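Below: one structure, written as structure tokens.
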Amino acid sequence: MYRRAFLTTTVLAAVTAMTSFGLNAQELPKLEKKETYKVGFAQTESNNPWRIAQTNSMKAEAEKLGHQLVYTDAAGSAAKQVSDVNSMIAQGVDLIFLAPREEKPLIPAVMAAKKAGIPVILLDRSVDPSLAKAGEDYLTFIGSDFVEEGRRIAEWLIKNANGKTKIIQLEGTTGSSPANDRKKGFDEAIQAAGGFEIVASQSGDFARDKGRQVAEALLQAHPDANVIYAHNDEMAIGAISAVEAAGKVPGKDILILSIDGGKEAVQAVVDGKIAAVVECNPRFGPKAFETMMRYANGETIPPVLINEDKFYDASNAAAELANAY
Ligand code: GYE
């Protein structure tokens with residue numbers, strides 16, 4: 001008797017708590033239909049050609065369509081990016097495009113926007129799926145399949161290794177979705193193939209000089225390493241300097257593999273210094289704004305929208321150079 005009353009009270013309390021959170025706790029904020037919008041774009045940093053290409057693509061599309069773009073650059077700080085999003089909320093933007101620097105620290109920003117009734121579209125990086133969900137907390141994720149990028153570069157290596165099997169991995173920003181997933185895709189494919197050894201794997205924070213420093217230290221610690229897999233072009237270009245500083249020849253003594261496919265890296269493939277690059281497509285503008293309009297029109301948006309990426313190696317780099325960003 002007592003127990004039953006207790007249970008009923010507990011269930012009632014839970015239901016009341018859910019309701020006071022808003023009946024729509026599960027529901028995504030709507031986007032009112034308008035001709036043009038005031039939208040936020042919270043960028044992570046601007047220290048490489050990939051980021052600059054992405055920003056330019058977003059700005060150009062907003063301008064073309066007549067939307068007002070509130071642009072912020074978090075300068076490599078997740079904490080600043082959270083406050084950038086809060087300031088967009090305070091400015092009453094209609095929707096926020098967010099490129100979350102790291103998977104966990106940007107969760108409060110996603111939740112604050114949801115609470116304020118502002119839909120969020122994640123661009124290029126994602127957030128921890130156990131803490132925030134597409135279609136519930138944010139609208140969708142638009143970007144590349146990073147696991148697939150890591151797998152594609154591993155498959156190239158498995159086919160073209162020619163005896164080069166000792167790998168140094170330069171990881172991207174710790175806690176970011178591309179670093180986690182590019183490592184996962186690569187490591188799984190390499191392990192499944194057998195015969196390779198990842199002798200070291202360390203973060204170079206997606207940055208050129210950090211990549212160079214980490215590559216230098218790891219080459220000293222592992223003088224038998226003959227492959228460097230960098231999670232982005234900037235670190236791969238830093239690694240070229242590190243290899244040369246160690247008195248070795250990139251492309252001959254050490255195979256360098258990269259992801260991003262900016263012009264400088266594709267040129268390095270033409271020059272034989274980088275062996276292969278998976279493109280990570282930074283041209284987000286058209287798809288980002290089209291997705292926003294489809295949502296405003298009441299269409300159901302899938303939880304993930306994947307960008308197409310090219311692949312460059314010696315067989316096509318010269319021909320493709322002009323198309324690289
Ligand atoms: O590879 C890197 C950038 O999140 C996909 O971030 C993006 C990555 C890109 O800083 O160069």
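Which of the pairs LYS114/LYS184; LYS104/LYS166; LYS114/LYS310; LYS133/LYS287; LYS104/LYS263 have their Cα atoms more than 28 Å apart in this structure? Over 28 Å apart, Cα to Cα: LYS114/LYS184; LYS104/LYS166; LYS114/LYS310; LYS104/LYS263.
Would you compute, from DSSP H runs of 4+ residues alone, the mean residue ellipticity of the chain at 222 nm, taking -39500 (n - 2.57) per run and dividing by the full residue count, rounded to the nearest 500?
-13500 deg cm²/dmol
Taking only protein heavy atoms and a 1.4 Å probe, the accessible area of the chain is 55% carbon and sulfur.
Between helix 233-245 and the chain there is an angle of about 30 degrees, using the helix long axis and the longest principal axis of the Cα atoms.
Against the chain, whose longest principal axis comes from its Cα atoms, helix 49-65 is set at around 40 degrees. Averaged over residues, the count of other Cβ atoms within 10 Å places the peptides 275-287, 211-223 in the sequence 275-287, 211-223, highest first. Each other residue within a Cβ distance under 13 Å of ILE190 adds +1 if Lys or Arg and -1 if Asp or Glu, for a net charge of +4.
Here the range 146-280 has an Rg and Dmax of 12.8, 34 Å, counting Cα atoms alone. Computed from backbone phi, the HN-Hα couplings of the range 156-168 come to 4, 5, 4, 7, 10, 5, 6, x, 8, 10, 9, 10, 9 Hz, rounded to whole numbers (Karplus: 6.51 cos²θ - 1.76 cosθ + 1.60, θ = phi - 60°; Gly and Pro given as x). Near the amide H of SER201, within less than 5 Å, lie the amide hydrogens of GLN169, all on another chain or at least 5 residues away, with H placed in the peptide plane. In this structure ASP73 has an accessible area near 50 Å², from a 1.4 Å probe over the protein heavy atoms. Rounded to 0.05, the FRET efficiency of the ALA245 and ASN162 pair, given R0 = 25 Å and the Cβ-Cβ distance, is 0.55.
Summed over the residues of the chain and divided among them, the accessible surface reaches 45 Å² per residue at a probe radius of 1.4 Å. Applying the Karplus relation 6.51 cos²θ - 1.76 cosθ + 1.60 with θ = phi - 60° to the range 253-267 yields 3J(HN,Hα) values of 7, 10, 7, 10, 10, 9, 9, 2, x, x, 4, 4, 6, 5, 4 Hz, where x marks Gly and Pro.
Shown here are the Rg and Dmax of the Cα trace of the chain, at 22.5, 82 Å. Amide H contacts of GLU103: SER176, SER177, each under 5 Å away and 5 or more positions distant or on a separate chain (H built 1.01 Å from N in the peptide plane; Pro and chain starts excluded).
With a cut-off of 10 Å between beta carbons, the residues surrounding ASP309 carry a summed charge of -4, where Lys and Arg count +1 and Asp and Glu -1. With the biggest extent put first, the Cα atoms of the range 205-325 measure 59, 31, 19 Å across the principal axes. Residue by residue through the range 293-303, which ³J(HN,Hα) values in whole Hz follow from phi under the Karplus form 6.51 cos²θ - 1.76 cosθ + 1.60 (θ = phi - 60°), with glycine and proline marked x? Running phi through 6.51 cos²θ - 1.76 cosθ + 1.60 with θ = phi - 60° gives 5, 4, 5, 4, 7, x, 6, 7, 9, x, x Hz.
The values are calculated or read from the model by the stated rules, or taken from the named source; none is laboratory data. Quick caveat, the model's predicted, so the values are computed rather than measured. Cβ sites come from the backbone with ideal geometry, for glycine too, and all protein chains shown count toward neighbours. Areas reflect the complete protein model, heavy atoms only, side chains present, ligands, DNA and RNA absent. Shrake-Rupley method; radii C 1.70, N 1.55, O 1.52, S 1.80 Å.
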